[in-house]
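S.K.: Before I ask anything, let me first share the structure, which is written out below as structure tokens.
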Amino acid sequence: MSKKINRNMDNSPAASCTPPPELPDIAEANKLVFPGVYDYDSNAEHGKDVKKPNPKIYDYDPNHFIYIDIIESGRHIVKEYQYHNVPLLVKMAVKTIRIPKNRYDRERDDKIKRLTQEITTFRTLSHHPSIVNFYGLCFNNDEAMICMELMKMSLYDLYLTVHYKNGVFSEKILGYIAIQILEALGFYSLASTFVGTIAYWPPERFSSNTEINEGNFKKFDVRSDIWSFGITLAETAYGSLPFLDENGEPIMRDNRQENIVTIQRCIINANSEELIQRCFGETYSKDFVDFVNSCLEKLEKRPKYDKLRETEFYSRFIQKENVKQEDMANFIKQFEE
């Protein structure tokens, strides 16, 4: 579904690109690079345009950012912008993070730590073909702007559409999604800290009796991401978060405090066998269900990336299932408006 530019809202960045004072020096801040974006040069000899990579580095200028819409308004605001710098026109997802101005503010220190970690992660991960490109980090007054490639459709939007239209993710399609995510996880298998949306936190993230603090960086290995991976597959098959409240109703994805407490309780008390049966039923093969179930084991039994690649499901899918990117594209087309 196309979106109209909302010119009635003043959401374009203000005319400032100076980092807030006392911020650490982050390499290449206020610079934008667009990997995967191409220029087209006219070729008179062949009578057509020639597609070529665009390796240019662009200095941040707020006047080149055209606000389109809000994509997500959870813990952080994610907005859609068009980057318009003739002849370049690129759609971007821009995550904004407020940086408090008080240099002695603990919240400020925590956010700087998270920001530095996120930028390092994005720069590393964006080299993988299954992960969106990172375009750059820009500063606008007291906000940091993380500029990323904009997907045409998220997995969340896709599964909502599929289930709304009473569709089903076949094992071939869900398996293809699983393999792509797993390969991307393997690319970043040296993860040592865990952050992210609370609905995907593993049970061990709640092992401390202290109050949840977003700035509390406990150390975790890739098994935390493996849990999130398993929850994502269950959610996609089920059509919503795979947790039920005390009334047996699915839990909505929002940031209300009561919802966060309910999700936390569900994760801590998660019965993986019941969750798997409810989400996957009899639709999927035993080796696929076992694969997902292993992702939701307790920490000491949960496999890392290399062990998941040794499972029966992974071996079968890689060796026998000939699912290609165009098969996924054709599946998506069935549900597009």
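Please treat every number below as a calculation from the coordinates, not as lab data. It should be emphasised that the depicted structure is a prediction, and the values quoted were computed from it without experimental measurement. As a convention, Cβ positions derive from the backbone with ideal geometry for all residues, glycine included, and neighbour counts pool all protein chains shown.
S.K.: So if each residue of separation counts as 0.36 nm, and I subtract the Cα-Cα distance between Leu155 and Val132, what length gain in nm does that give?
M.R.: Extra length available between Leu155 and Val132 comes to 7.0 nm.
S.K.: Evaluate the distance, in nm, between pseudo-label points positioned 7 Å from the Cα of Gln325 and of Lys31 along their respective Cα→Cβ axes.
M.R.: A separation of 2.7 nm, rounded to one decimal place.
S.K.: While we're here: Please compute the contact order of region 54-140 in relative form: average sequence separation of alpha-carbon pairs under 8 Å and at least six residues apart, divided by the residue count, as a percent.
M.R.: 15 percent
S.K.: For region 60-136, go through all pairs of different Cα atoms, get the mean of 1/r, take its inverse, and jot down that Kirkwood value in Å.
M.R.: This gives a value of 14.3 Å.
S.K.: Say each of Asp142 and Asp109 gets a label point 7 Å from the Cα, pointing the same way as Cα to Cβ; how far apart are those two points in nm?
M.R.: Output for this residue pair reads 1.9 nm.
S.K.: As I understand it, the dipole of region 65-139 uses +1 on the Cβ of Lys and Arg and -1 on the Cβ of Asp and Glu, about the Cα centre. Which of Ile68, Thr116, Pro87 lies farthest toward its positive end?
M.R.: Thr116
S.K.: In nanometres, what is the gap between the two model label sites at Ile66 and Lys304, each 7 Å from Cα along Cα-to-Cβ?
M.R.: Each label point lies 7 Å from its Cα, and together they span 4.8 nm.
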